[in-house]
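The values are calculated or read from the model by the stated rules, or taken from the named source; none is laboratory data. Remember, predicted model here, so these are calculated numbers, not experimental data. When we count neighbours, we look across all protein chains shown, and the Cβ atoms used for this are built from the backbone with ideal geometry, even at glycine.
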């Protein structure tokens, strides 16, 4: 028996007393991160939000086995955020589709959820009406007669069926119940619990021919935006799910494959992901603030730094002491900054004279790295 076959479906049971410590910890982590975000300089906050968009888009695609190009995602996200340094790269259809859905989920969070909203998200994921080479039904719930199953195919043997969703004929009615609950539970159910239940519910129904996971995670984004009352994306929950994808798959499989309605373990795991996502954002913000202080102090001491020197220092800062083996070479400086070898040598020598870099080795083994004093200011 599957979860949706229980006579009590969809009356989910959650032990809020048992969840209280996890909820309190997650809320503290969220509040701490949002509080720190309010003190970030506008440039740092924009960079953090850009990172959140990119991480979410890449991870929600990765969970489905789809790889998006990082540069394409960051460029598209930067355009959407109106950032001046958005790169003019060719637009990738899969990247644009993924970000379209994530953006819509947040922008539409002030409106009631509807069938049409979900249709739009799913259709946006497959603008050509195909999943790979297979033509699929888009902009509408599935209507095929054969069972909707999650399976592991086996050569020469019957497939292993991990889950079977409700029949297509029942999907619209099932989704109506979910949508009605989602709209009426806002402000009535704890926001994190509500997001966890909404995701589990739509995954149990599996209403579309394809794109259910990404639509389900977009629904999480809408629920969290409603809960926090903000359109700022400061963290990526999908990235945490991707990092613990074995746990994500296992928790969903257990929750949807049980005959009773107590889904506390699933909600507990979900809340833990929120906590980890908020903590990761805290770490990103701390790093951003350290970098701002680093550059503020360095520019005050050395206002004569050129753009190429700044680029090289920034790279050394970002990769850390282990990023380049024993430091950066003249050749790497040439390739990184697109300057002549003579210019590279002159600028590296000047940085050493300023005390920003130190030289190690000789001849072909010559390397340059941040001086101990400068490196210390990274922490």
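Considering only the range 238-268, state which residues are under 17 Å from residue 190 (Cα atoms) and in contact with a helix residue (DSSP H, G or I) (Cβ under 8 Å, 6 or more places away or on another chain). Explain how you work it out, then say what you get.
Taking the range 238-268 first, the residues under 17 Å from residue 190 (Cα atoms) are 262-268.
Across the range 238-268, the qualifying residues are 263, 264, 265, 266, 267, 268.
Would you be able to say whether some residue in the range 256-278 is assigned to a helix (DSSP H, G or I), in contact with a strand residue (DSSP E or B) (Cβ under 9 Å, 6 or more places away or on another chain) and more than 16 Å from residue 351 (Cα to Cα)? So far as the range 256-278 goes, yes, one or more of its residues are assigned to a helix (DSSP H, G or I), in contact with a strand residue (DSSP E or B) (Cβ under 9 Å, 6 or more places away or on another chain) and more than 16 Å from residue 351 (Cα to Cα). When residue 59 is tested against (1) out of contact with any helix residue (DSSP H, G or I) (no Cβ under 6 Å at 6 or more places or on another chain); (2) closer than 29 Å to residue 212 by Cα; (3) in contact (Cβ under 8 Å) with a residue 12 or more places away in the chain, just one condition goes unmet, and that condition is (1). The condition of being part of a helix (DSSP H, G or I), under 23 Å from residue 183 (Cβ atoms) and modelled with pLDDT of 90 or more holds for only one of 60, 117, 98, that being 117. Only residues that are closer than 30 Å to residue 148 by Cα, in contact with a helix residue (DSSP H, G or I) (Cβ under 9 Å, 6 or more places away or on another chain) and surrounded by fewer than 18 Cβ atoms within 10 Å (Cβ to Cβ) were counted in the range 5-30, giving 3.
Pairs are defined by a Cβ separation below 7 Å, a sequence spacing of at least 6 or placement on different chains, a first member in the range 345-364 that is in contact (Cβ under 8 Å) with a residue 12 or more places away in the chain, and a second member that is loosely packed, with under 12 Cβ neighbours inside 10 Å and part of a helix (DSSP H, G or I); the pairs so defined are 355/373.
Please state which one of 176, 138, 95, 117 is more than 21 Å from residue 207 (Cα to Cα) and either surrounded by 12 or more Cβ atoms within 10 Å (Cβ to Cβ) or in contact (Cβ under 8 Å) with a residue 24 or more places away in the chain (or both).
Details: 176 fails: more than 21 Å from residue 207 (Cα to Cα); 138 fails: more than 21 Å from residue 207 (Cα to Cα); 117 fails: more than 21 Å from residue 207 (Cα to Cα).
95 is the lone residue from the list that is more than 21 Å from residue 207 (Cα to Cα) and either surrounded by 12 or more Cβ atoms within 10 Å (Cβ to Cβ) or in contact (Cβ under 8 Å) with a residue 24 or more places away in the chain (or both).
The sole residue among 153, 166, 112 that is outside any strand (DSSP E or B) and loosely packed, with under 15 Cβ neighbours inside 10 Å is 112. Residues in the range 305-312: is at least one assigned by TED's automatic domain parsing to the domain that holds residue 15, part of a helix (DSSP H, G or I) and at pLDDT 90 or above? Checking the range 305-312: not a single residue is assigned by TED's automatic domain parsing to the domain that holds residue 15, part of a helix (DSSP H, G or I) and at pLDDT 90 or above.
Hey, among 18, 54, 78, 47, which residue is part of a helix (DSSP H, G or I) and modelled with pLDDT of 90 or more?
So the residue among 18, 54, 78, 47 that is part of a helix (DSSP H, G or I) and modelled with pLDDT of 90 or more is 18.
Across the range 332-372, the qualifying residues are those that are within 35 Å of the chain's Cα centre (by Cα) and part of a helix (DSSP H, G or I), and the one among them that is nearest to residue 291 (Cα to Cα) is 372.
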